[in-house]
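Chemist: Just passing along the structure, written as structure tokens.
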Amino acid sequence: MSDRSEHPLVARLPFHYGWAIVAAGCLGLFACLGMGRFALGMLLPSMGASLDLSRSEMGAISTANFIGYLSAVTLGGRMVALLGARRTVAAGLVLVAASMMAVSYARGFYQVMILYALTGFGSGGSNVPIMGLIAHWFGRRVRGRAAGFAVIGSGFAIMVAGALVPAINAAQGAEGWRLSWLVIGLIVLGAALVDWLVIRNHPSELGLGPVTGEAQAKTEEVAPLCAAAAPPGAKRRILAHLGLVYAAFGFSYVIYATFIVTALVRERGFPESTAGIFWSWIGLLSLASGPVFGSLSDRLGRRAGLMIVFGFQACAYALVAAPLPEPFLYASILLYGLALWAVPSIMAAAVGDYLGPEQAAASFGTITMVFAMGQIVGPAIAGWMADAWGGFSGAFVMAAAVAGLGLAGSAFLPSPRKM
């Protein structure tokens, strides 16, 4: 590793600057995904009542967000190559902030849908380079842990939204959701400024090498060589495999994230404030998901880590789908929260393992395209099913089945050394 005293920005830090990148990434994901996407679950009940939205229209708003997200990740690698990760992240967050503040003035379904699609574009434009930075700043043995700490930013956002939105609604009444969108947009704008100041595209900009962990010099030499030596056909196959597994996660988890609060309020009779507490508990529990399962995948391998996570999630969806007593609902929330951000953290590490750090951002963008397709389809089908069947139970059963497919697909992932 280069001498840290070579650059004044890192000369006095008691830690490697890579961990500052993780903190900035955590804040970026707090803003672009946590606030830009997962706050919607808390906003939908009051906004839906105010604008007279059907369940299908609620699902369409969520789908529009993912269409915007997919559009951004399709261009993700090219945007990073043209602008660099730092500029791409900051620009994406500014777009998220501006579009969310504009939603506060919306007067109908179509306005919300168009503006929230722009929010999705900004979210995708920020998320892909943030996760790609992990492969540049961290070696294989600590890559899962670093990505795990980055992705918990969304968990903090869920906690904030679960407390903030009901409080604003209680103070402002039926139109309180408008102020919520405005306040959340301002929070995202602040995050954009911090990330612009902190993020650096590569350790070499500060005269540093990546964080490698302990006693792994030989391992770090071998893994990139394996990725570089893999034939193009093998790389395409592993990208397709990872993408399909990631799509199973995208399809299933977003159904729960989008509709669990609405289901609790409309179908189980919980007050919005109580549903907000449940949502905040999901956020709190999820703070452990990325670091725990990311570190677990560093030890056991990405395949085993993914299988465990999909098992947790399938059980969570099945428990909330069935008309069981309340303790089973609490178990569902516990399992969902504990595993919520594990798949993205493992996937961010996996693309670096299989394809090498230099291809990590573009590869993560590729699999995120497939992931986003799952997110687009999931809420649209779930909303339609809920309207047709008069409730969300069938949609949650479908989510459990798709999570089971994700578990099966994970079981057939090859070892990076056998490519």
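Chemist: Skipping prolines and chain starts, which residues have an amide H placed within reach, meaning under 5 Å, of the one on Val211, given they are 5 or more residues away or on another chain?
Modeler: Under 5 Å from the amide H of Val211 lie the amide H atoms of Phe138, Gly139, each far enough along the sequence or on another chain.
Chemist: Another one. Sorting Phe38, Phe156 by accessible area (1.4 Å probe), largest first, what list results?
Modeler: From most accessible down to least: Phe156, Phe38.
Chemist: Ratio of alpha-carbon Rg to the 2.2 N^0.38 Å globular estimate for region 148-204, to two decimals, please.
Modeler: Dividing the Cα Rg of region 148-204 by 2.2 N^0.38 Å gives 1.47.
Chemist: Now, a different point. Mind ranking 262-270, 137-145 by how tightly packed they are, going by the mean number of other C-beta atoms within 10 angstrom, highest first?
Modeler: With the highest mean Cβ count within 10 Å placed first, the list reads 137-145, 262-270.
Chemist: Something else about it: On a 1.4 Å probe surface of the protein chains, which of Asp353, Asp387 comes out largest in accessible area, and what is the full order?
Modeler: In descending accessible area the options line up as Asp387, Asp353.
Chemist: Note the full-extension length gain between His202 and Ala304 as 0.36 nm times their separation in residues minus their Cα-Cα distance, in nm to one decimal.
Modeler: 33.7 nm
Chemist: Write down the Kirkwood hydrodynamic radius of region 1-138, to one decimal in angstroms, obtained as one divided by the mean of 1/r over all alpha carbon pairs.
Modeler: 16.2 Å
Chemist: Packing-wise, with mean Cβ within 10 Å as the measure, how do 322-329, 398-405 rank, highest first?
Modeler: The most tightly packed comes first, giving 398-405, 322-329.
Chemist: Got the relative contact order for the chain handy, in percent, Cα pairs under 8 Å and 6 or more residues apart?
Modeler: 27 percent
Chemist: Right, something else. Using the heavy atoms of the protein chains and a 1.4 angstrom probe, tell me the accessible area per residue for the chain in square angstrom.
Modeler: I get 37 Å² per residue for this part.
Chemist: Could you calculate, for the chain, the ratio of the Cα radius of gyration to the Kirkwood radius, expressed as Rg to Rh?
Modeler: The Rg/Rh ratio comes out at 0.97.
Chemist: Return the inverse of the average 1/r over all pairs of distinct C-alpha atoms in region 264-354, which is the Kirkwood hydrodynamic radius, in Å to one decimal.
Modeler: So the Kirkwood estimate lands at 13.9 Å.
Chemist: On to the next question. Return P(r) of region 244-302 (all Cα-Cα pairs; 10 Å bins starting at 0; whole %; ordered from short to long distances).
Modeler: Reading upward from the zero bin: 20, 36, 30, 13, 1.
Chemist: May I ask you to compute the full-extension gain from Trp19 to Gln172, defined as 0.36 nm times their residue separation minus their alpha-carbon distance, rounded to one decimal in nm?
Modeler: This chain segment gains 51.1 nm when fully extended.
Chemist: Let me ask you something else. Can you compute the modelled spin-label distance between Leu186 and Ser54, with each label point 7 Å from Cα toward Cβ, in nm?
Modeler: 3.7 nm
Chemist: How far, in nm, would the chain grow between Ser415 and Leu83 when pulled straight, counting 0.36 nm per residue and subtracting the alpha carbon separation?
Modeler: Contour length minus the Cα-Cα distance gives 116.2 nm.
The values are calculated or read from the model by the stated rules, or taken from the named source; none is laboratory data. All of these numbers come straight from a predicted model, not from anything done at the bench. Virtual Cβ from ideal backbone geometry, glycine too; neighbours counted across all protein chains shown. The area values use the complete protein model at the heavy-atom level, side chains included, leaving out ligands, DNA and RNA. Shrake-Rupley method; radii C 1.70, N 1.55, O 1.52, S 1.80 Å.
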